[in-house]
Each structure stands twice: as C-alpha cells, then as structure tokens.
Amino acid sequence: MYEIVRREDFSDTTFLIEVKRPMLAKAAMPGQFVIVRSHTGGERIPLTIADFDREQGTITLVVQAVGKTTKQMREECVVGSRLKSLAGPMGNPSHIDSVGKVVCVGGGLGVAPVYPILRAYKESGAYVIGVVGFREKGLVFWKEKFAAHCDELVICTDDGSEGIKGNVTTGLKDVMARHADIGEVVAIGPPVMMKACAEATRPAGIKTIVSLNPVMVDGTGMCGGCRVTVGGETKLGCVDGPDFDGHEVDFDELVTRLRRWKEDERAALERWQNHKSDCRMLHGSK
Ligand SMILES: Cc1cc2nc3c(=O)[nH]c(=O)nc-3n(C[C@H](O)[C@H](O)[C@H](O)COP(=O)(O)OP(=O)(O)OC[C@H]3O[C@@H](n4cnc5c(N)ncnc54)[C@H](O)[C@@H]3O)c2cc1C
Ligand code: FES
C-alpha cells in the first residue's frame, strides 16, 4: 500500500497526487509510466510518471478524471490514503538525443507527462522550447515549473485568455516559423493532437516523437491489448513504446481501438454512480 503524501487540484477534473514509493522514484526515467490500482477490486490503469523526487522517495501523477476509475480516484485519493498497488516503472524511457534544439509539446493529458522529458533535454544541454495548451487561463498549471527548464515557453489557450489563441498545433507552427533549425519535436496529448503535430512537421522532415496511450491491461507485453500499428508493423505500446515515430503511427486505428469499450465504460461509470447514491440514501435513512 502506497501512501499519498500530497494532493493538488488544478481544476474540477485534473488533480495531482504525490505518492511515497522510494524504489520506484529511484528507478523512474522520463517517459515511463506506472500501472495503478487505487483500491481493492479496482481497475488497473496506466498513468505517466509526471515527476519524481529521488531524495524524498516520491513520484508525481497528474490525473484527468474521465471515467469510473479516475473519477473514483478524484474522490478517494486524498492525503493520507493509500494506493492498493503501484507497479513500475514501465515502458522504455524517452531517448534524450543530442538534438541541439527541441520543441516539447503538451496538450490536455500530455501537459504533465511532457515535463520530465523537457527537463531531461534541458539538463542534456539542448535549447528547449516548450509549447503547452489549455482551454483557458484558469486551467493553466506548472507555468513556473516549465519556464524554469525552457529557453522559450509558449502557452496556448483556446480562448486566447493567456498566451497565444489557439491549440498547441498553432503554437508549434508559430515556433517552426521562427526557428529553421529544430532538431526534434516531442508531442504528447490526445491522439488527434499528436497526429496534427506530426502532420505539421512532416513537410519539413522534422523528427517527431509521440507517446501513445492505447488501452493497457498488464503493461508487460502479455495481453496484446495495447497493439498499435507503426510503420506498417504491429507494436505493443507498453513494451515497444510508449514513444514512437509520429510520422509512422496509424492514429486512426489507435482512435478506433480507444473507443472500442465505450459502452462498457459508460455502464461501469453509471453502476458506480448509482451505487454511491444508494449508499447515501441508506446512510441518510439510519
Ligand atoms: C501509457 C499511458 C499513460 C497514461 N498517462 C496518463 C496520465 O498521466 N494521466 C491521465 O489522466 N491519464 C493517463 N492515461 C490514460 C488513462 O490510463 C485513462 O484515462 C484511464 O485508464 C481511464 O480509466 P477510467 O476508468 O477513468 O475511464 P474509462 O471510462 O474506463 O475510459 C475512458 C477512456 O480512457 C481510455 N482508457 C480506458 N481504460 C484504459 C486503460 N486501461 N489503458 C489506457 N487507456 C484507457 C479509453 O480511451 C477510454 O475510452 C495514460 C494511458 C496510457 C496508455
Ligand atoms: S498492456 Fe498488455 S501487451 Fe501491452
């Protein structure tokens, strides 16, 4: 059982938890993920290691509450509570190549996961440009943390309330127009966003790495649930990735596979919500 030592809420849906797990914090590398089970009988879900502190022995996870398990975590994962299981680090660490100038793009769920990669590039001596996207100013988080490791930081908001108006692809195109010597782009976020970034860099032939998020079960290469097609070949997101060449990924297949269990996911969320209100009624009637 792994204790949650810090919690911070960034919005109604996005929250951070810092978990005590010294061995994992010692081994964690940028780009890797963990498989978490928050409570007995709960689903195992993959979450990227958004930060790690080897001295404190903690890892940081940033979670977006989108369905049954993540919404339950939003309610139950408070300081002092414990995660039932926490396996990892999993997946291959990101390759921090010597690229001169790198653009690290994070949108939606990808904002937190791109941070340790961006920091590792800065520590390797690269010129780092961060491009992060949010819906609006009130949802911006980790601005100072990003700025501390970026030579340039571009914030994009859908409504233009902070930084430039538009999504991260707009921000990436803006950066590409100002810098002709970009060695690599790293893009993390929803599949449609990663696809748009890869299409933006394709004409210029800029190497573009994306971190894929297929449905994972074991995270160790055994179930085949996380199959993705890259360069016409079948790969497993968990053991061959999660990082892949964005110009080679079949994003349309990834999106189709991510939607495959929608009905079961909707039913699981409804069952949990009904169960909660039944419990409240019982409690209230005592
Ligand atoms: C390598 C990797 C890293 C990830 N990192 C983060 C992160 O740092 N923060 C974060 O909030 N989310 C992250 N995700 C996504 C997260 O795992 C899903 O949002 C979560 O599993 C949804 O579960 P749920 O029960 O709340 O929602 P559900 O209603 O069950 O699912 C909502 C959607 O999430 C996706 N999903 C569902 N189950 C899984 C699963 N077992 N594996 C992967 N995707 C699933 C599907 O697209 C589904 O339609 C990551 C996924 C992967 C593969
Ligand atoms: S999650 Fe089972 S093979 Fe990747």
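The values are calculated or read from the model by the stated rules, or taken from the named source; none is laboratory data. Because the structure is a prediction, the values reported are computed rather than measured. Positions of Cβ are generated from backbone atoms using ideal geometry, with glycine treated the same way; all protein chains shown enter the neighbour counts. Just so you know, the surface numbers come from the protein's heavy atoms only, side chains and all, with ligands and any DNA or RNA stripped out. Shrake-Rupley method; radii C 1.70, N 1.55, O 1.52, S 1.80 Å.
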Inside the range 141-178, can you point out the residues that are assigned to a loop (DSSP other than H, G, I, E, B), surrounded by 15 or more Cβ atoms within 10 Å (Cβ to Cβ), out of contact with any Asp or Glu (no Cβ under 7 Å at 6 or more places or on another chain) and not acidic (Asp, Glu)?
-> Phe141, Trp142, His149, Cys150, Gly163, Gly166
State which residue pairs qualify: first residue farther than 22 Å from Cys197 by Cβ and assigned by TED's automatic domain parsing to the domain that holds Ser85 and inside the range 211-231, second residue open to solvent by 10 Å² or more (accessible area, probe 1.4 Å) and of a type in the set (Lys, Arg) in any location, beta carbons under 7 Å apart, and separation of 6 or more residues or different chains.
-> none
Among the residues of the range 38-49, which ones are in contact (Cβ under 8 Å) with a residue 24 or more places away in the chain and crowded, with 22+ Cβ neighbours inside 10 Å?
-> Ser38, Pro46, Thr48, Ile49
Which of the residues spanning the range 1-32 are under 27 Å from Leu212 (Cβ atoms), open to solvent by less than 10 Å² (accessible area, probe 1.4 Å) and part of a strand (DSSP E or B)?
-> Phe15, Leu16, Ile17, Val19
Look through Leu172, Leu258, Leu254 and report the one residue that is within 12 Å of ligand 1 (Cβ to nearest atom), under 20 Å from the mean Cα position of the chain (by Cα) and modelled with pLDDT of 95 or more.
-> Leu254
Restricting attention to the range 217-240, which residues are open to solvent by less than 20 Å² (accessible area, probe 1.4 Å), modelled with pLDDT of 95 or more and part of a loop (DSSP other than H, G, I, E, B)?
-> Cys226
